[in-house]
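> Sharing a structure below in structure tokens format, with a few things to ask.
A short reminder: the numbers here are calculations on the coordinates, not readings from a lab. All values derive from a computational prediction rather than experimental measurement. Here Cβ is always computed from backbone atoms with ideal geometry, including for glycine, and neighbour counts include all displayed protein chains.
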Amino acid sequence: MFKGSKIYVAGHRGLLGSALVKRLGADGYSNIVTAARGETDLTVQSAVWKFFNRERPEYVFLAAGLTGGIMANRQRPAEFMHVNIAIQDNVFEASRAFGVKRLVFYGSSCIYPKKAAQPMKEDCLLTGAIEETSEAYAVAKIAGIKACRACNIEDRANRFIALVPSSMYGPNDDFGLENSHVLSAMIRKITDAKREGRQRLTLWGSGEPKREFLFSEDAADASIFAMLNADRIGNEFCNVASGQEYSIKELSSAISRIVEYKGVIEWDISKPDGAPRKLLDAARLTRLGWRARTTLEEGLKETYQWYQRSLCANTEAI
Ligand SMILES: NC(=O)c1ccc[n+]([C@@H]2O[C@H](COP(=O)([O-])OP(=O)(O)OC[C@H]3O[C@@H](n4cnc5c(N)ncnc54)[C@H](OP(=O)(O)O)[C@@H]3O)[C@@H](O)[C@H]2O)c1
């Protein structure tokens, strides 16, 4: 991938896509193409082929897809399955037809068995039952990872790279309570509690489960690293993770510090906790020389600043 190569970032307004555009620009890649969903709906095959025929990208980062928290996954499993499968199938086939040199696709940690040994290695895929709440989304992602492998075998070239990032956060994340993940939902709840002057805030579960979080700019860094090191990766998929694990309670304390919320956080243990631990083993990628660089504190600060700016922009727009 050269500085002048034509690079398509699909999903450029999203959490990861926006981090990719920012990072590629900062690294001097000057020929980046994007398309808003309204202009090119990636679930529609004819629209995707028209776009690829017109733009002829050489490299593709497929950061478009339907993502969401537990509630959205529970309520709309058919949509999660359809949208993700349609997007990846259309973009993979168009990439093959129009001679894309390399493509990076993203799986998700929910592809791994519910009872997988921690930290989860890539080779535990399909060794046990997966979590039911995100089953449709996970099956679509597993299909995507296997499709990358199948294309590489059939085309006799390792052009399709699948990465499995742990839970991401950063600017342009979804902070709506319906669709958000745990970290962005917590930033929103703590920010709201501070603004409303509430002395007490109740959060779901015991706060004991441990999770790891990956700053979107580190995920973008790993994506570019994978694109540049595709030959060394071969026809294998790779986990992408920070390797730093925090309990939900520790996360709430870190966010409270940054938001400067001084109230008391209480835990509603009648609400489900989910898995006690969810940690990815990123040794495959780190052996090749990649590692996450952003601390949770740094990433949270940047995310919170972006969230505040977006709140101000929304208020001004009203
Ligand atoms: N977020 C995580 O924690 C996480 C973790 C592991 C893997 N991943 C995977 O990483 C990828 C990026 O995730 P993300 O969190 O950055 O997602 P995101 O913030 O929700 O952004 C998704 C992007 O996809 C675009 N999109 C959705 N449907 C589309 C369609 N039919 N046609 C064209 N564009 C469409 C959206 O466009 P609009 O802006 O127009 O809505 C948006 O820009 C996804 O494949 C996701 O499954 C995410």
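> Cα gyration tensor of the chain, axes a ≥ b ≥ c as square roots of the eigenvalues: rounded (a/c below 1.5), prolate (a/b > b/c) or oblate?
prolate
> Over region 91-145, what relative contact order in percent results from Cα pairs under 8 Å that are six or more residues apart?
Computed value for region 91-145: 39 percent relative contact order.
> I want to verify a result. In a Gaussian network model of the chain, Cα cutoff 10 Å, which of these has the top mean-square fluctuation: PHE225, PHE237, PHE215?
In this elastic network of the chain, the residue with the biggest mean-square fluctuation among PHE225, PHE237, PHE215 is PHE225.
> Further, regarding this structure: Any chance you could run the full-extension gain for ILE153 through GLU266? It's 0.36 nm times the residue separation minus the Cα-Cα distance, nm to one decimal.
35.5 nm
> So, by mean Cβ neighbours within 10 angstrom, what's the order for 136-142, 305-311 with the highest one leading?
Most protected by this proxy first, the peptides run 136-142, 305-311.
> I've got another one for you. Any chance you could check the Cα centroid distance between region 15-53 and region 211-276 for me, in angstrom?
25
> Which of the aspartates and glutamates could be linked to LYS141 by a straight reach, that is with a Cα gap under 13 Å, when you skip same-chain ones fewer than 8 residues away?
Of all the aspartates and glutamates, those that pass the test against LYS141 - Cα under 13 Å, at least 8 places apart if same chain - are ASP89.
> How high is the relative contact order of the chain, in percent, with contacts defined as C-alpha pairs under 8 Å that are six or more residues apart?
The value is 19 percent.
> Cross-link candidates for LYS271: which aspartates and glutamates have Cα within less than 13 Å, leaving aside residues fewer than 8 places away along the same chain?
Answer for LYS271, where 13 Å is the Cα cut-off: GLU208, listed by chain and number.
> Please report how far the C-alpha centroid of region 175-206 lies from that of region 70-126, rounded to the nearest whole angstrom.
When both Cα centres are located, 28 Å separates them.
> Using helices alone, I'd like the mean residue ellipticity at 222 nm for the chain: each DSSP H run of four-plus residues gives -39500 (n - 2.57), total over residue count, nearest 500.
-14000 deg cm²/dmol
> Which whole-number value in Å³ per residue fits the convex hull of the alpha carbons of region 1-68?
So the per-residue Cα hull volume is 79 Å³.
> With a/c under 1.5 counting as rounded, go ahead and sort region 24-167 into rounded, prolate or oblate using the C-alpha gyration tensor (a ≥ b ≥ c being the square roots of the eigenvalues; past the cut-off, prolate if a/b is larger than b/c, else oblate).
prolate
> In this model, which of LYS3/LYS301; LYS50/LYS121; LYS6/LYS278; LYS22/LYS115; LYS22/LYS50 are farther than 29 Å apart at the alpha-carbon?
Flagged as over cut-off: LYS3/LYS301; LYS50/LYS121; LYS6/LYS278; LYS22/LYS115.
> Counting alpha carbon pairs within less than 8 Å and at least 6 residues apart, what relative contact order, in whole percent, applies to region 40-127?
Contact order relative to length: 36 percent.
> If you don't mind, another one. Note down the net charge around ARG76, summing +1 for each Lys or Arg and -1 for each Asp or Glu among other residues with Cβ under 15 Å from its Cβ.
Result for the local shell: -4.
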